[in-house]
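Single-structure report; data block below.
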Amino acid sequence: MGAIFIILESLSIHFYANSSAYTQAKLLTVSNAMVGWINSTFSSVGRYFHLDTENHLLVNRIAELENTLEAYRAVVDEYELHHKLDTSELKFRHTPARVINNTVSHQQNFITIDRGFGDGVRDGMAVLTPDGCMFGYVVSCSERYAVCMSMLNTEFRASGRPTHSGEFGSISWDGKDRRYVTLSEIPKYTPIQVGDTIVSTAYSFYFPEGVRIGTVEHIANTDNSPSSTIRVKLSADFMTTDKVVLVENRDAEIIMDLEESVK
Amino acid sequence: MYQGIRYTLLLIVLALLQSLVFNQVQISVYFNPLIYVAFVMLLPMRTQPIIVLMCGLLVGVLMDVTMGLAGVNTIASLLTAYLRPLMLRLVMGRDNAVEGGIPAPMQVGVGKFISYASVFTLVQSVVFFALEAMTLRYAHLIAIKVVLNTAVTVALVMAVAAFFAPKNYNNSFLD
């Protein structure tokens, strides 16, 4: 009996010790392939309670995009006089998706969405809220569903910088509070104040440059460290977001191949 | 046969409650009750230890797949399943543990059941939250989670046990 326990426990520990966030995402992908429809049905019911807030956000976002579009239209009209506009040439492709499962109470939280590789979703696509805030990135896909690493995952990493500065640091979550992430390794001399906006950098493999992450809440400096640790209040609300936008960097594969070729 | 069906239904209900209700209730990072422990906890006291261990393995693997936790639930459930006979002997007394029946509040007494459920859930929670965190850097955070969720889980298991083995339930029928 004791021997059987030791064997089973050792196998479990071995599996756990060799796992990563990606192993967990793969497990969730298998689980979603089997019972995804249950989560999908339950999330459909829950979604009705957020419709009002969601509509408000979307209306604001549409108005903002209409303004931007208007500005671009003038330029495009001029451009089209000479060239044919081809959207398939754009660097980033956007796909809307619904969140069917999203946890915030674990240390390794994941988001399940109702789009899979059958809908063109690929590993590494950025996941943003409808109003353009950083939310996570895709780590595993099945035919109809995809599992994304939430920013509220202690293994999540991205780079961030203040909007007015080129100095950047590393964004991570310490697992304590779902409203805050930490921006670390940012040089002390960087001009930064409470309330400043933090956005993604151009060095991210997953996220386009300038995606809003949050605002500076607190700056901690220690004498013996050349860098600051900044507490960032997240712009995305992980409790209520039930629609997301996936962003694919169409050049990601080319860049990765190129980087691999010089290693 | 009847016993098997009852426990299969219990496992299904607990798995659905855990994955569709308690894993979805996002009150706080500190709130994460582990209701599924009731499956192994409520097995008849005279169940063969190897069967208890296999039940621990089953519920652990099932929960790992639904929660996406690679082995965390299995490691914790195997340990509690292995230690269950010892916990029963310590809390219920050797005679009661050998006599059999379901270790539920109406059958063994509320006080004894709370002691048994608390020790059982505490072991499960310590292993689960320590491994889930993957670090001991925030030991105080893990300790708060363990205490809070042990209390909530024990209360929930009491409710499940009251449904599963009510006062007039013929305990000996299961043995």
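The values are calculated or read from the model by the stated rules, or taken from the named source; none is laboratory data. Since the model is a prediction, treat every value here as computed from it, not as a measurement. FYI the Cβ positions are ideal-geometry reconstructions off the backbone, even for glycines, and counts take in every protein chain you see.
Looking only at residues of the range B:23-53 that are modelled with pLDDT under 85 and within 18 Å of B:Asp64 (Cβ to Cβ), we find that the one that is surrounded by the most Cβ atoms within 10 Å (Cβ to Cβ) is B:Asn23.
Condition first: part of a loop (DSSP other than H, G, I, E, B) and hydroxyl-bearing (Ser, Thr, Tyr). Now tell me which residues in the range A:124-162 satisfy that.
Matches in the range A:124-162: A:Thr129, A:Ser142, A:Tyr145, A:Thr154.
For every residue, the table says whether it meets (1) β-branched (Val, Ile, Thr); (2) at pLDDT 80 or above.
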| site | (1), (2) |
| --- | --- |
| A:Asn32 | no, no |
| A:Thr41 | yes, no |
| A:Asp52 | no, no |
| A:Arg61 | no, yes |
| A:Thr68 | yes, yes |
| A:Asp119 | no, yes |
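Taking the range A:241-259 as the range and being modelled with pLDDT of 80 or more and either assigned to a strand (DSSP E or B) or surrounded by 13 or more Cβ atoms within 10 Å (Cβ to Cβ) (or both) as the test, the residues that pass are A:Thr241, A:Asp242, A:Lys243, A:Val244, A:Val245, A:Leu246, A:Val247, A:Glu248, A:Asn249. Candidates are the residues of the range A:168-199 that are modelled with pLDDT under 90 and within 14 Å of another protein chain (Cβ to nearest Cβ); the one that is farthest from A:Asn224 (Cα to Cα) is A:Arg178.
Restricted to helices (runs of 4 or more DSSP H) entirely inside the range B:1-120, those with at least 2 residues that are over 13 Å from the mean Cα position of the chain (by Cα) are B:2-16, B:49-67, B:72-92, B:94-99, B:105-108.
Yes/no matrix, rows are residues, columns are (1) touching a residue at least 24 places away in the same chain (Cβ under 8 Å); (2) assigned to a loop (DSSP other than H, G, I, E, B); (3) of a type outside the set (S, T, N, Q):
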{"residue": "A:His164", "(1), (2), (3)": "yes, yes, yes"}
{"residue": "A:Glu167", "(1), (2), (3)": "no, yes, yes"}
{"residue": "A:Asp174", "(1), (2), (3)": "no, yes, yes"}
{"residue": "A:Val181", "(1), (2), (3)": "yes, no, yes"}
{"residue": "A:Glu185", "(1), (2), (3)": "yes, no, yes"}
{"residue": "A:Thr190", "(1), (2), (3)": "yes, yes, no"}
{"residue": "A:Gly195", "(1), (2), (3)": "no, yes, yes"}
{"residue": "A:Ile198", "(1), (2), (3)": "yes, no, yes"}
{"residue": "A:Ser204", "(1), (2), (3)": "yes, yes, no"}
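Every listed requirement among (1) at pLDDT 80 or above; (2) within 13 Å of chain B (Cβ to nearest Cβ) is met by A:Val45 save one, (1).
Filtering B:Val37, B:Val29, B:Val110 for residues that are away from chain A (no Cβ under 14 Å) and in contact with a Ser or Thr (Cβ under 9 Å, 6 or more places away or on another chain) leaves a single hit, B:Val37.
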